[in-house]
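Structure record follows, encoded as structure tokens.
The values are calculated or read from the model by the stated rules, or taken from the named source; none is laboratory data. Note that this is a predicted model, so its numbers are computed, not measured. Quick reminder, even Gly has a Cβ in these numbers, built from the backbone with ideal geometry, and neighbours come from all protein chains shown.
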Amino acid sequence: MKKTRKIFIASTSLLIGLVFIRFSLSKLTSNPMVVEQFIEMAKPIGVDPTFFRMSTGVLLLIIAVLYILSALGVIFKSKKPNPLVYLLGIGIMLGALLSEFLLRTEPKWMLVVIALFITTFSTINFLMLRNSKLNTITA
């Protein structure tokens, strides 16, 4: 893998992983604003807002760890990350975007921008890895 690609993939993976950690912690620590938002979003689909919030927080935390491990693997071991990590990130962000537009009375545009940023860079990383010739794969 070329050095510029390694730097791009490692830096974007690390940044996205840290963003995921920030959002997972706000859900898992019951931030009052987040609790209120999940109560609003849970009503249309009829699920328990606490379960919805906590399960989302756990999923985000798992994906955050995978992104950070991918970045560290590229930085310290020159290993190609598993492209499935980026598909997980894309999937959870597409779910977040759908939630913003379908479950909220009015979308929080800053969250939409962040989700689009993550989706865009995860897609770029996925496509670069898919086209890469390196055979070593780690999580």
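Quick notes
- In a residue-by-residue description of the range 116-131, the property of being at pLDDT below 95, of a type in the set (D, E, K, R) and in contact with a Lys or Arg (Cβ under 8 Å, 6 or more places away or on another chain) applies to no position.
- Of the residues in the range 59-72, none is out of contact with any helix residue (DSSP H, G or I) (no Cβ under 8 Å at 6 or more places or on another chain) and either farther than 27 Å from residue 132 by Cβ or not aliphatic (A, V, I, L, M) (or both).
- Reported count of residues in the range 10-30, each being assigned to a loop (DSSP other than H, G, I, E, B) and surrounded by 14 or more Cβ atoms within 10 Å (Cβ to Cβ), is 0.
- Pairs where the first residue, in the range 87-102, is over 19 Å from residue 125 (Cα atoms) and the second is assigned to a helix (DSSP H, G or I), C-beta under 7 Å, 6+ apart: 96/115; 97/112; 97/115; 99/41; 100/111; 100/112
- Condition met for residue 132 (within 30 Å of residue 3 (Cβ to Cβ), touching a Gly at 6+ places or on another chain (Cβ under 9 Å), surrounded by 13 or more Cβ atoms within 10 Å (Cβ to Cβ) and touching a residue at least 40 places away in the same chain (Cβ under 8 Å)): no
- Filtering 62, 45 for residues that are surrounded by fewer than 17 Cβ atoms within 10 Å (Cβ to Cβ), among the β-branched types (Val, Ile, Thr) and modelled with pLDDT under 95 leaves a single hit, 45.
- Applying the set (1) modelled with pLDDT under 95; (2) farther than 20 Å from residue 33 by Cα; (3) crowded, with 17+ Cβ neighbours inside 10 Å to residue 68 leaves exactly one unmet item: (1).
- Scanning the range 37-68 for residues that are within 12 Å of the chain's Cα centre (by Cα) and aliphatic (A, V, I, L, M) yields 58, 59, 60, 61, 62, 63, 64, 65, 66, 68.
- Test: residue in the range 97-106 that is within 17 Å of residue 15 (Cβ to Cβ), at pLDDT 90 or above and not in a strand (DSSP E or B): no
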